[in-house]
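Report on one structure; see the data block that follows.
The values are calculated or read from the model by the stated rules, or taken from the named source; none is laboratory data. Owing to the predicted nature of the structure, the values given are computational and were not obtained by experimental measurement. Cβ atoms come from the backbone with ideal geometry, glycine included; neighbour counts cover every protein chain shown. When the accessible area is computed, the model is the full protein with side chains, heavy atoms only, and any ligands, DNA or RNA have been set aside. Shrake-Rupley method; radii C 1.70, N 1.55, O 1.52, S 1.80 Å.
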Amino acid sequence: MTQDKFKEITYAQAVAEAIDEEMARDENVILMGEDVGIIGGNFKATVGLRDKYGDWRVKDSPISELGIVGLGVGAAITGLRPIIEIMFSDFMSLGMDQIANQAAKIRYMSGGQVKVPLTIRTTIGGGRSSAAQHSQSLQAWVAHIPGLKVVVPSTAAELKGLLKTAIRDDNPVIFMEHKMEYNKKYSVPVGEYTIPLGQANIVNEGDRLTIAATSSMVMRSLEAAQELAKDNIYVEVIDIRTLVPFDKQTIIDSVKKTGRLLIVDEGHLSFGVGAEIGMKVMEDVFYDLDYPMMRLGTEDVPFPFSPALEFPIIPDTKKIYQKSKEMARQ
Amino acid sequence: MKSSYQENFLTNLYATMFRIREFEEQVFELYKIGLMPGLAHLYIGEEAVATGACATLEDKDFIGSTHRGHGHLIARGADTKKMMAEILGKKDGYCKGKAGSMHIVTLDKGILGANGVVGGGIPIATGAAYMAKIKDTKQVTICFMGDSATNEGSFHESLNMAAAWDLPIVYVIENNLYGISVGLKRVTKVADLSERAKAYGMKGLSIDGNNVLKVYETVKEAVDYAREGNGPTLIECKTYRHKGHHVGDPGLEYRSREEEDEWKAKCPLICFKEALLKEKKTTKKAIADLETSIVQEIKEAVEFAKNSPYPDPSEAFEDIYS
Ligand SMILES: Cc1ncc(C[n+]2csc(CCOP(=O)(O)OP(=O)(O)O)c2C)c(N)n1
Ligand SMILES: [Mg+2]
């Protein structure tokens, strides 16, 4: 992003702007999902689009996750560039055959004859007392499947540039928006820009510890880094941006400098993003480590309803601060 | 038989059915001698459905297929050499050996793909129809499915959307009475699956799926209706698979020999050939010549497939992303 002019918009507005710009640019881009049209989305992230592009290009669908993802696959291989919205990533389960067995596999099964320019937008994240079925961050489910790309954007500015790239990509991309971010305002560059998939971003420079984080955990990590700076601990924070494709090198280079790596992702800990990233970089950084690699994630329990139970299980600024402090000891 | 049918059109229908039959017989042979990896679901006995249905389409149209897909692809005009090579896992196959019998995907001839997941192709075919609708391309999609696929959620979700939005698609059920070993009657209350159309506000028809002209005429009307922008139709074709569920299945425990004999007597090829001869639309000699040339064509497809090399192991890492 080399723009020097910025504006303040919400994360939800950034979604709408990205889609609006891409729909204006390419008439093959369509948007379909539950409530995306007349009311502009359950999270108000697609407001105004139906009025501008009409009912066929911005389609309120029936409650049929499997059906709409599959419809997106069929439309994608025959020339459209569909954006399909699944209201909560928890509901990917209902569309999973079309996501994991169809969208991800059709190009491969065709021996490279077919392209699947499909974007599946969905939401992740706890923290609004949505309990066990509307709070999960299921990026590990989809990152496990070869053939899918997986994007976990941080700020609104990041989201906008990455979403535009996802829509232009000729592969199925699972684009995971954090539902606690929609109403937050961010500084977003004015005018056209895109961010490539597969390039992690160093958002804070430091020398004592590397924190590699996804989605809103990037912002929590930056908050923790500010606190740590007061203790004269300078932390390098990396925004992972995309799980697939994965930019291993940026993390490796940073850890070679800092000797310490903490991975923060809001998905459940076990068999999750943190474990995988740790192993991905292990063989390159093992002899540079001054402290065992650590990870933070949501505890291995279903999301409970009560805030008294929910907040303790999700990683937050304080937990990142404490874990960093422990790791940064000389 | 309508007198307006040209001899050429009729013998082409017979040729397609015979090509499917011969192709499948040879796939079975290749399986028996151990040359075919994995499995294949043979279309023998059901040839009239794919043949009659695909004869209604224009070049630009689409079809969605199933795990029992060889017949659909051949009826759509796919290259039998490339199909056979794919089924043997060879480099010159349609998908360079990555698909095999059950997953051939190629947009060649508008084939949206066979599908290893029962019901998996239904939403995809519906998506092609959505594209055609909003781009006003006048392309029609025929979506084939087995009887058992109608018990999947994808069937319900797709037909509901297609009807709600008047999409240009024709859903063709091949009711061969079984899903592997489970008789439809044991798991489904309605006898005519086309009754389900009513639940979506769609027209539904149940017909004799062994009568190629009946299939042609019924699907033609539905395809024209769809092309004119009126929306989808559900057509159930009653038919039977002569062999087991797939090449390794003798298919003995779950159906009776009497039932098999009864359906084999209604073989779509024999019935159509007899009708053509009776109505003097062709001659025994012409049919025999046609059959000889198709036997030769399939023999060449088998040779082509056998002679094609296997893909290099490094190719496993190609074609994942574009
Ligand atoms: C979702 C799914 N469940 C189960 C299977 C295993 N399976 C393969 S074919 C088949 C039966 C399908 O029956 P039907 O749809 O009637 O088609 P037919 O084989 O009779 O042509 C089953 C259960 C599968 N491939 N996909
Ligand atoms: Mg069946």
Inset, instruction - Go through (1) touching a residue at least 60 places away in the same chain (Cβ under 8 Å); (2) of a type in the set (A, V, I, L, M); (3) at the interface with another protein chain (Cβ under 10 Å from one of its Cβ atoms) and name the single condition A:Ile83 misses. - result: (3)
Legend entry - Test result for A:Gly54, more than 8 Å from chain B (Cβ to nearest Cβ) and more than 21 Å from A:His134 (Cβ to Cβ): yes
Legend entry - Top-ranked residue in region A:145-167 [being more than 14 Å from A:Ile120 (Cα to Cα) and within 14 Å of chain B (Cβ to nearest Cβ); ranked as surrounded by the most Cβ atoms within 10 Å (Cβ to Cβ)]: A:Ile145
Legend entry - Residue count for region A:171-198, restricted to those that are within 14 Å of chain B (Cβ to nearest Cβ) and open to solvent by less than 10 Å² (accessible area, probe 1.4 Å): 4
Inset, instruction - Please verify whether region A:203-210 includes one or more residues that are closer than 13 Å to A:Leu296 by Cα, open to solvent by 10 Å² or more (accessible area, probe 1.4 Å) and without any contact (Cβ under 8 Å) to a residue 60 or more places away in the chain. - result: no
Inset, instruction - Please work out which residue is farthest from the other protein chains (Cβ to nearest Cβ), limiting yourself to region B:171-208 and to residues that are within 13 Å of ligand 1 (Cβ to nearest atom) and without any contact (Cβ under 8 Å) to a residue 12 or more places away in the chain. - result: B:Lys185
Legend entry - Residue in region B:266-274 that is part of a loop (DSSP other than H, G, I, E, B), away from ligand 2 (no atom under 16 Å from the Cβ) and more than 18 Å from B:Ile142 (Cα to Cα) present: yes
Inset, instruction - With the condition kept exactly as written, say whether any residue in region B:55-63 is buried (at least 24 other Cβ atoms within 10 Å of the Cβ) and of a type in the set (Lys, Arg). - result: no
Inset, instruction - Look through region B:292-322, keep the residues that are open to solvent by less than 40 Å² (accessible area, probe 1.4 Å) and within 27 Å of the chain's Cα centre (by Cα), and return whichever of them is nearest to the other protein chains (Cβ to nearest Cβ). - result: B:Asp319
Legend entry - Among the residues listed as B:Asn160, B:Asn230, B:Asn211, the single one being more than 10 Å from ligand 1 (Cβ to nearest atom) and within 14 Å of chain A (Cβ to nearest Cβ): B:Asn160
Inset, instruction - Looking at (1) out of contact with any strand residue (DSSP E or B) (no Cβ under 9 Å at 6 or more places or on another chain); (2) open to solvent by 40 Å² or more (accessible area, probe 1.4 Å), find the lone condition where A:Phe303 falls short. - result: (2)
Inset, instruction - Filter region A:86-111 for residues that are facing another protein chain (nearest Cβ under 9 Å) and of a type in the set (Asp, Glu) and give the result. - result: A:Asp97
Legend entry - Residue in region B:100-111 that is farthest from B:Val140 (Cα to Cα), counting only those that are open to solvent by 10 Å² or more (accessible area, probe 1.4 Å) and assigned to a loop (DSSP other than H, G, I, E, B): B:Gly100
Inset, instruction - Any chance you could count how many residues in region B:138-151 are at the interface with chain A (Cβ under 9 Å from one of its Cβ atoms) and more than 16 Å from the chain's Cα centre (by Cα)? - result: 1
Legend entry - Considering residues of region B:28-56 that are within 15 Å of ligand 1 (Cβ to nearest atom), touching a helix residue (DSSP H, G or I) at 6+ places or on another chain (Cβ under 6 Å) and not in a helix (DSSP H, G or I) only, the residue nearest to the other protein chains (Cβ to nearest Cβ): B:Ala40
Legend entry - Number of the condition not met by A:Val114 [criteria: (1) outside any helix (DSSP H, G or I); (2) more than 10 Å from chain B (Cβ to nearest Cβ)]: (2)
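Yes/no per residue for (1) in contact (Cβ under 8 Å) with a residue 24 or more places away in the chain; (2) within 15 Å of ligand 2 (Cβ to nearest atom); (3) not in a helix (DSSP H, G or I):
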residue	(1), (2), (3)
B:Asp166	yes, no, yes
B:Asn210	yes, yes, yes
B:Lys214	yes, no, no
B:Asn230	yes, no, yes
B:Cys237	yes, yes, yes
B:His245	yes, yes, yes
B:Glu253	yes, no, yes
B:Trp263	yes, yes, no
Inset, instruction - Go through region B:137-155 and give me each residue that's away from ligand 2 (no atom under 16 Å from the Cβ) and more than 13 Å from B:His72 (Cα to Cα). - result: B:Thr137, B:Lys138, B:Gln139, B:Val140, B:Gly153
Inset, instruction - Given the conditions (1) part of a loop (DSSP other than H, G, I, E, B); (2) in contact with a Lys or Arg (Cβ under 9 Å, 6 or more places away or on another chain), report the number of the one that B:His156 does not fulfil. - result: (1)
Inset, instruction - Specify the residue that is farthest from the chain's Cα centre (by Cα); the eligible residues are those in region A:106-116 that are of a type outside the set (S, T, N, Q) and surrounded by 24 or more Cβ atoms within 10 Å (Cβ to Cβ). - result: A:Met109
Inset, instruction - Of all residues in region B:57-85, count the ones that are assigned to a helix (DSSP H, G or I), touching a residue at least 60 places away in the same chain (Cβ under 8 Å) and within 12 Å of another protein chain (Cβ to nearest Cβ). - result: 1
Inset, instruction - Could you identify the single residue in B:Gly120, B:Gly93, B:Gly116 that is facing chain A (nearest Cβ under 7 Å), on the phi < 0 side of the Ramachandran plot and not hydroxyl-bearing (Ser, Thr, Tyr)? - result: B:Gly120
Legend entry - Checking B:Glu274 against (1) within 16 Å of ligand 1 (Cβ to nearest atom); (2) surrounded by fewer than 18 Cβ atoms within 10 Å (Cβ to Cβ); (3) within 21 Å of B:Asn210 (Cβ to Cβ), the condition it does not meet: (1)
